[in-house]
Structures are given as structure tokens and as C-alpha cells.
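Engineer: Okay, here's the structure, questions in a sec.
Since every read-out is calculated from the coordinates, none of them should be taken as a lab result. Everything quoted here is computed from the prediction, not taken from an experiment. Using ideal geometry, Cβ is built from the backbone for each residue, glycine included, and neighbour counts are taken over all protein chains shown.
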């Protein structure tokens with residue numbers, strides 16, 4: 001499966017001559033409306049069968065009922081939790097490497113000359129009696145993505161901006177990049193296809209949702225001009241990896257994520273996770289296949305309880 | 001550049017109707033609906049009267065924007081939400097093409113548009129940002145996320161692009 005397959009699939013996704021001729025006829029239809037009737041979209045559609053909706057609803061109800069019956073009773077267990085970064089357990093005082101795949105981290109320069117970073121957040125809690133976990137961040141923000149057509153709900157912000165689509169010249173169907181304007185108390189809608197937030201809560205079982213991706217994002221706004229220049233040189237120039245690490249460290253600053261584990265009995269536990277960097281061997285940093293020319297040292301990101 | 005004659009208009013149909021159809025199909029996952037969008041876009045073009053496009057690229061960018069907006073509006077419409085299309089033309093993809101298309105179709109629609117404009121139309125991230133009226137960083141990160149979701153399949157063998165990605169571009 002390669003890029004070429006996408007190109008050839010797109011080549012095949014084309015109109016035939018008959019359809020093109022119909023489009024050409026539109027010219028006369030518009031300039032002389034009596035000459036040609038334009039088929040309305042509605043004629044090509046039929047109403048959905050309500051029975052199918054009812055059946056789907058019933059299936060959901062039955063599924064939910066079954067699921068409820070087999071839920072384990074955790075009330076006898078004591079509260080416990082373990083923090084995991086990918087599969088690795090995170091213990092106090094020991095930094096764990098993020099399993100940084102080829103796309104685990106990116107920096108890019110915006111039109112505003114600022115540098116933006118984006119880091120995978122492959123963190124989850126395991127344990128007993130955990131109801132949910134609330135994460136908050138001291139700088140930058142979280143980006144929440146949900147990749148699923150069936151759940152492709154727009155966040156409230158998207159819907160608000162969507163209304164602008166009425167004006168064909170003014171396309172706005174996404175929300176801005178910056179974390180600015182997001183208050184510390186603002187919660188994301190974790191079921192939306194995209195959202196940005198300083199704080200969000202995820203249900204214990206929902207942590208395993210493979211359709212959701214969480215990233216930490218931020219920018220270089222806090223840097224001085226000189227620091228910013230150094231960062232740019234390190235990111236976009238050919239510099240030693242030590243300089244690159246120093247640039248990332250400067251950009252991230254003291255980036256701390258606070259997680260609050262909410263137990264079923266109403267009690268909570270709090271942990272602070274620091275995001276850092278470390279120079280490591282490629283083999284150590286990623287589970288991805290490593291091309292021969294990429295052997296040697298690289299920079300990876302670390303999660304550490306502080 | 002005006003749409004001033006039937007010949008002129010026919011030329012635009014020949015040149016851009018497939019592009020509009022592809023964008024619409026990627027947005028709506030349905031050939032019948034995509035055909036309707038193509039028709040709607042050309043109607044808008046004809047009804048726009050003496051709209052002056054500075055050149056072909058300007059016209060192309062306008063058509064892309066209008067197509068995407070039509071798709072957004074189409075998906076939102078009550079009628080579409082309550083109905084299903086009567087007939088669906090099947091595109092004869094090979095197994096490999098179908099696998100790629102299935103993966104692409106699982107992405108949110110704005111990701112699909114960026115993937116299409118980048119890989120098929122060959123636009124740069126800067127150009128896509130200009131066409132869609134978004135920041136380069138937004139396009140960059142969405143392209144990146146989209147590719148991640150596509151399990152890095154589409155860009156196999158591709159050179160690094162503008163952004164710097166650890167392990168991929170950093171040697």
C-alpha cells in the first residue's frame with residue numbers, strides 16, 4: 001500500500017463523458033432556464049427507514065444491558081493506580097521514554113514566526129476503583145482528536161464557525177491553532193472530533209479508546225528574540241544534537257501535567273508529570289523500523305513523576 | 001479571466017470537474033452526492049456572473065473552496081441527514097487502492113481535503129494554507145495527524161517536507 005495507490009484510486013475517481021456533458025449543458029440551463037431542467041438533489045434520495053433506526057436503538061439498549069450485567073464489581077477492592085506511558089510503568093524519580101514513533105513529535109513555524117510543538121501524550125492510568133482521570137497543563141494546551149466517521153461530531157466551536165460556511169468565500173471549519181483564550185477551567189468535549197483545552201477528564205474505560213489521540217501543544221511565545229533565534233537554528237538548521245536538546249528544553253520550559261485520579265468513592269489522588277528530553281539511541285527511542293541511515297543518536301521525550 | 005462564453009465554460013468543465021468530483025467524493029463518501037456537488041459548484045460558477053479570476057490558479061482555488069463549503073453545507077442539511085441516496089455508482093478500485101481509500105475515508109473530512117491537496121494536487125503546505133485560509137501550522141499538523149492515522153503508508157519513500165520530524169527527517 002503506497003502513495004501511488006492513492007494517486008491511482010483518485011485517478012479512477014472521475015466523471016465520465018456523459019456526466020461532463022450534463023455539466024456543460026448547465027451553461028444553457030442557466031442562461032436560458034426553459035431549455036434545460038436542473039435535477040434537484042432531493043430527487044436522488046429516499047428517506048431513511050425508521051425501522052433501521054429503531055433496530056439500531058434496540059441493539060444499543062440490548063448491548064448496554066448485557067454490558068451492565070457483566071461489569072465486574074470493583075467495590076470490594078482498595079483504591080489503587082499505576083501510571084503508564086505506553087506499556088511502561090512510570091515510577092517516581094525515574095523518567096520513562098515516550099515510545100516516539102516517526103510522528104510522535106513535530107515542530108513547525110507558523111505565519112506569525114512563532115515555533116509550535118506538538119507531542120504525543122500516550123499516558124493512561126490502570127488500577128482499581130478509578131472512575132475517571134482529570135488532566136491539566138501548566139502551559140500550552142492539550143489537543144484532542146477523535147478519528148472516526150461514525151463519531152465525527154463537531155465541537156461547539158466548530159459548529160459556531162461552521163455557520164460562516166454560508167459565505168463561500170469565507171471558509172472556516174476548524175478552530176485556530178493557538179492555545180490562547182482557553183481558560184484554565186475550560187473543559188474539552190472529549191467526544192468531539194477535535195478540541196483544545198487546558199484541562200479534560202476522561203472516564204477510566206474510555207482511556208482505552210483507540211480512536212482518540214491526545215497531544216500536548218504549545219509555542220515559543222515565552223522566548224526572547226535571541227532565544228527564539230537559537231531555537232530556530234536548532235530546529236531548522238544542521239546542528240549538533242546537544243544543541244537541539246537545549247533548544248527543545250528551552251521551548252518546553254518547565255512543562256508539567258497534573259493528573260487527578262478520581263475514585264468511585266469520591267476520593268482523589270494527584271500526580272505531577274514533567275515532560276523532558278533525552279538523547280538516546282534510535283533503537284531505544286522507537287519501535288518503528290529504523291532505516292540504516294538513521295542509526296545513531298536522536299532526541300526523545302521523557303515523562304517523569306515529580 | 002471571466003467565464004464569458006460556452007467554449008470558455010466547457011474548457012473549465014473539462015479541466016476541473018474531476019478535481020471537484022474527487023474532493024466531493026472524499027468529503028461525502030458517495031458518488032451520487034459527489035455528482036450533485038459538482039453540479040452545484042458549476043451552477044455557482046455560472047451564477048457568479050462576471051466574477052473576475054486573475055488566472056487559472058485563482059479559479060482553481062475558488063473552486064476548491066466552494067466545493068469544500070458546499071460539502072459542509074450538504075452534510076449539515078436536514079434533508080441529507082434524514083435520507084439515503086437511491087443509487088451509488090461503484091468505482092472499480094483494486095484491492096490496494098480500496099484499502100488506501102478506506103483508510104483515507106476514516107479520517108475527518110478536513111484531513112481528507114489536506115491529504116488530497118497535498119498528495120494528489122501537489123500543493124505545498126503554504127499553498128494549502130492559503131487556499132483554505134488556515135495557518136501553515138494547522139495544515140502541517142493536520143497533514144501529520146492524517147498521515148499518522150494512515151499508518152505512515154502513503155508517504156513511504158517520500159522525502160521530508162517543510163517541518164522537521166524526529167526519526168524521519170533528522171539524521
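Engineer: Please give the FRET efficiency for residue A:280 paired with residue A:8, using the beta carbon to beta carbon distance and R0 = 41 Å, rounded to the nearest 0.05.
Structural biologist: 0.55
Engineer: What spacing in nm lies between the two simple spin-label points modelled at residue A:265 and residue B:6, each 7 Å away from Cα in the Cβ direction?
Structural biologist: That separation, rounded to one decimal, is 8.4 nm.
Engineer: Could you tell me the calculated FRET efficiency between residue A:88 and residue B:75, based on Cβ-Cβ distance and R0 = 41 angstrom, to the nearest 0.05?
Structural biologist: 0.50
Engineer: Ranked highest first by average number of other Cβ atoms within 10 Å, how do B:26-36, B:116-126 line up?
Structural biologist: The peptides rank, most packed first, as B:26-36, B:116-126.
Engineer: Would you mind ranking B:41, A:30, B:104 so that the residue whose beta carbon has the fewest other beta carbons within 10 Å leads the list?
Structural biologist: Fewest to most other Cβ atoms nearby, the residues stand as A:30, B:104, B:41.
Engineer: Just counting partner chain Cβ atoms within 10 Å, what average do the residues of peptide B:59-72 show around their Cβ?
Structural biologist: 3
Engineer: Also: Just tell me how shielded B:140-150 is by partners: mean number of partner chain Cβ atoms within 10 Å of each residue's Cβ, no decimals.
Structural biologist: 5
Engineer: Does a label point 7 Å from the Cα of residue A:254, set along Cα-to-beta-carbon, have any residues of segment A:262-277 with amide nitrogen under 18 Å, and which are they?
Structural biologist: Answer for this model: A:271-277.
Engineer: Fewest Cβ neighbours within 10 Å first, please rank B:44, A:80 accordingly.
Structural biologist: With the fewest neighbours first, B:44, A:80 line up as A:80, B:44.
Engineer: Next question, about the same structure. Just to be sure I understand the model, the point goes 7 Å from the Cα along the line to the Cβ. What's the resulting residue A:21 to residue A:272 distance in nm?
Structural biologist: A separation of 7.4 nm, rounded to one decimal place.
Engineer: Just tell me how shielded B:17-30 is by partners: mean number of partner chain Cβ atoms within 10 Å of each residue's Cβ, no decimals.
Structural biologist: Mean partner-chain Cβ count within 10 Å for B:17-30: 3.
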